[in-house]
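Heads up: the structure comes next, in structure tokens.
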Amino acid sequence: MHGTWLFWIRILLLLLLGDPSVQARLLVVATTADLAALARAVGGDRVEVLSLARPTEDPHFVDPRPSYLVQLARADALVHGGAGLEAAWLTPLLNRAGNARILPAARGHIRCCEGVTLLEVPEKLDRSQGDVHAAGNPHYLADPQNARIVVHHLADTFVELDFAGTEIYRKNQRAFVEALERSLPAWEARLRPFAGARLVSYHNSWPYFALRFNLRIDLFLEPKPGIPPSAAHLGRVVAEMKASGVRAILVEPYQDRRAAETVARATGARLVPVTQYPGGLKGTEAGYLELMDYLVRAITGALSDREQASTISTR
């Protein structure tokens, strides 16, 4: 009889308080899919990660949904780029969510650019320059070495928020860095034969990738960041591509493919579908490292075709 009472008391306590052996996961809301992928890599089973912007969506211009407010109101941590990429739509949402755990002064407010050397920091802001970010170019995760910095920052913060998970977070951090260190030399080796090669992109999204892998990605279909291409500007791009022998155009899923196709027809260049967000293209869904592997393969493939075409034309 005594054992029966203890059994029912334990059941009642479990119903009221929950099972203490079951870990309550941190709810992490990330602004973009690349940050969400890194948060999952660090957090593992101890976190639930939600991404606000879809990987096929322009992260500069996200249409907020009511569900975003619900997610932010419940979140234990907010993971965002910190360099202004999402500021136009994230700041109003954050203010309306009213969640003290993720406000700028809170531990759960994670600015992932901390420790990253940002490129293209403007000396002064001038709206005539287009959509220029005051903190610098925010597309820093296109350099895998910056992912190492972000993962370290995420692990530090997750440990602060959930000290009991310290061993798991540090183990996952080390595993990610080790996998990155195995992959990076291979990526560099694949792109090394094309050092100095020039490519066109729609938007100025790739300076970190170009710097890491010694490429030139400095000719853009946009006349200025965030300004749609005009016929006159595209004509100038076509002329420069022909003069420089540029044979590849990088296009992301949310960008105007028609403008890129127009330039490609005029120059004989190849369109190269790329993305900076896991899940933005088929073959990039698994995570950040898989995304980088896709990018290296896609760009080396395009540059190999260019080199082959150049060789044939000189015979």
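The numbers here are math on the coordinates, done by the rules we state, and not lab data. Not measured: the values here are computed from a predicted model. Neighbour counts run over all protein chains shown; Cβ positions are idealised from the backbone, glycine included.
Worth pointing out:
- Under 5 Å, built H, 5+ apart or other chain: amide partners of His109: Leu78
- In summary, the lysines within cross-link reach of Lys242, defined as a Cα separation below 26 angstrom excluding same-chain residues under 8 places away, comprise Lys224.
- About the Cα centre, charge dipole magnitude for region 23-184 (Lys/Arg +1, Asp/Glu -1 at Cβ), debye: 460
- Where only C-alpha atoms are counted, convex hull volume of region 193-234 per residue in Å³: 56
- Residue (of Thr262, Val272, Pro207) at the positive-pole extreme of region 199-292, dipole from beta-carbon charges: Thr262
- Proximal aspartates and glutamates to Lys124, defined as alpha-carbon separation beneath 15 angstrom and excluding residues fewer than eight positions away on the same chain: none
- Highest average packing first - 47-54, 32-39, 296-303, Cβ atoms within 10 Å: 32-39, 47-54, 296-303
- Nearest-20 debye value, region 186-313 charge dipole, Cβ charges on Lys, Arg, Asp, Glu: 340
- Given +1 at the Cβ of Lys and Arg, -1 at the Cβ of Asp and Glu and no other charges, the dipole of the chain around its Cα centre is 540 debye to the nearest 20.
- Look at where the Cα atoms of region 36-69 and of region 70-119 average out, and the two centres are 12 Å apart.
- Counted by Cβ distance under 15 Å from Tyr294, the other residues give a net charge of -2, where Lys and Arg count +1 and Asp and Glu count -1.
- Cα lying deepest toward the dipole's positive end in the chain, options Tyr140, Pro253, Val151, charges on Cβ: Pro253
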